[in-house]
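Below: the structure, in structure tokens.
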């Protein structure tokens, strides 16, 4: 594990696993999570020879949060600065949820640095048709503002992992979420309202795979289907009986789809 000072007030924490491996895979975590959320993917990628870079995005995990706004656009440039500092000219980008929006923005801003793009349970524009999705994000924001990160974290993990046998996952992700900077978390959620790259998806020329959990209650599967349909030559893989945290709910199925695509 290492830390790089990218700008005043911003120290980005990251892990560099199997540093002698090739090609390079950048794993971008979801809202509130950290780079550790990809732990069930590490062995499969390392066994296949990949080098893995997993940053904690600004305001999350062990990374600091400077004053000011936060958004996928800002975090995409953080990733670009990180890769430049590490002298990485191109890589495979894999992002889940918030990490997927960062990967999309990065691919649009720095197309020559993206060898391929894997987008998991994410969106180009968050415009759900059901009120339940809007309520979920509104309650998260309200809980942070009124009761703080721990109460919001408990609400989120109970939504993501409702089954009794998922207690380990609930506690694991709870411990990740409570590390987040409250101001950074609030700013990031608010930014999703204005994040919209739908009209630029045609610009993405990198090989792209969209992976969807069919029971995702955070980002509508229909939204993810439309994402795949609007990226040139993108493919869609739907993993059955999986929700928003598909990478830990169905790691074997996800890793199989991921490695088949990356190879």
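Residues that are in contact (Cβ under 8 Å) with a residue 40 or more places away in the chain and within 22 Å of residue 173 (Cα to Cα), at least 2 per element: which helices (runs of 4 or more DSSP H) completely within segment 215-262 meet that?
246-249, 251-262
I'd like the residue in segment 76-108 that is in contact with a helix residue (DSSP H, G or I) (Cβ under 7 Å, 6 or more places away or on another chain) and assigned to a loop (DSSP other than H, G, I, E, B) and, out of all such residues, is nearest to residue 196 (Cα to Cα).
Ranking the qualifying residues of segment 76-108, first place goes to 90.
Only one residue in 180, 228, 234 is closer than 24 Å to residue 93 by Cα, at pLDDT 90 or above, crowded, with 17+ Cβ neighbours inside 10 Å and more than 17 Å from the chain's Cα centre (by Cα). Which one?
Checking each option against the conditions leaves just 234.
Could you tell me how many of the residues in segment 34-65 are more than 18 Å from the chain's Cα centre (by Cα), touching a residue at least 24 places away in the same chain (Cβ under 8 Å) and surrounded by fewer than 17 Cβ atoms within 10 Å (Cβ to Cβ)?
4
One line per residue, one yes/no per condition, for (1) over 16 Å from residue 16 (Cα atoms); (2) touching a strand residue (DSSP E or B) at 6+ places or on another chain (Cβ under 6 Å):
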residue	(1), (2)
38	no, yes
44	no, no
70	yes, no
77	yes, no
94	no, yes
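I need the full set of residues from segment 160-177 which are more than 16 Å from the chain's Cα centre (by Cα), buried (at least 17 other Cβ atoms within 10 Å of the Cβ) and under 16 Å from residue 30 (Cβ atoms), in order please.
Across segment 160-177, the qualifying residues are 161, 170, 172, 174.
The values are calculated or read from the model by the stated rules, or taken from the named source; none is laboratory data. These numbers were taken from a predicted model, which means no experiment stands behind them. All Cβ positions, glycine included, derive from the backbone under ideal geometry; neighbour counts span all protein chains shown.
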